[in-house]
Amino acid sequence: MRSTRTYRPIGVWELPTGCLIISVMDRKEPLATSSLPDIRKKTNAEVAGKYRGEPSAKSFLVLVVDDFIDNVVVISLDLQNEGYRVVTAANGEEAVSVASLTHPHIILMDISMPQLDGLAATRRIRENKALRDVPVIAITAFSTEGFRRAAYDVGIQGYLVKPIDFQRMHELIRRLLAP
């Protein structure tokens, strides 16, 4: 049976990776993602060889934590296009559980989330011996020095303000994952 429901787009993003994200649900989930026709897709060999002398992105697992699904999708698709493996969580409680189960190499953490905020989640992650040294990057709308200081006080090693500068995000990830 065909649905007669009409959706009105509430968000459209073009990623640097060549994907178009169209969000039509009210902050819940993306309806569709599609490649833009005029942008060439990267091959696995291009992604793996992008940074000569550095470990392949394919060897790294990234945990993306945000309560806004559009942010999770945009960041995840960008990271996957660069060759990273990605797992996600929608709040701080899930972040602690997913990190404990998957042992990511790096975590991208929103600060303001329901149930358990990013700062409290980072504190709890730091209590786990196996995760104590996993780099955490805050990705947040809070640009004040007070939030930045609070993030660094709980052990966050990087701080990015939304909207995300993807080039800066990739540089920070590479720097934190470097041996």
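3J(HN,Hα) couplings calculated from phi for segment 88-105 with the Karplus curve 6.51 cos²θ - 1.76 cosθ + 1.60 (θ = phi - 60°) are, in sequence order, 10, 8, 9, 6, x, 4, 4, 4, 5, 5, 5, 4, 5, 7, 9, 6, x, 7 Hz; Gly and Pro show x.
Karplus-derived 3J(HN,Hα) values for segment 115-122, using 6.51 cos²θ - 1.76 cosθ + 1.60 with θ = phi - 60°, are 6, 8, 6, x, 5, 5, 5, 5 Hz; glycine and proline are entered as x.
Were the residues from residue 123 through residue 150 laid out at 0.36 nm apart, the gain over their Cα-Cα distance would be 8.6 nm.
In order along segment 164-173, the Karplus-derived 3J(HN,Hα) couplings, from 6.51 cos²θ - 1.76 cosθ + 1.60 at θ = phi - 60°, round to 6, 8, 4, 4, 5, 4, 5, 5, 5, 4 Hz, and Gly and Pro are given as x.
One equal scatterer on each Cα of segment 70-134, no solvent, Debye formula: the resulting log10 I(q)/I(0) at q = 0.19, 0.23 Å⁻¹ is -0.71, -0.99. Taking amide H atoms as placed 1.01 Å from N in the peptide plane, the amide H of residue 86 lies under 5 Å from those of 62, each 5 or more residues away in sequence or on another chain. Distance distribution P(r), segment 105-163, all Cα-Cα pairs, bin width 10 angstrom from 0: 26, 58, 15, 1 percent. One chain, two ends: residue 157 and residue 69. Fully extended at 0.36 nm per residue, the span grows by 29.3 nm beyond their Cα-Cα distance. Taking amide H as placed 1.01 Å from N in the peptide plane, the amide H of residue 159 sits under 5 Å from that of 138, each at least 5 places away or on another chain. By the count of other C-beta atoms within 10 Å, a proxy for reagent exposure, 129, 162 are ordered fewest to most as 129, 162.
Read-outs: derived from the displayed coordinates by stated rules, not from any lab. All values reported here derive from a predicted model rather than from experimental measurement. Using ideal geometry, Cβ is built from the backbone for each residue, glycine included, and neighbour counts are taken over all protein chains shown.
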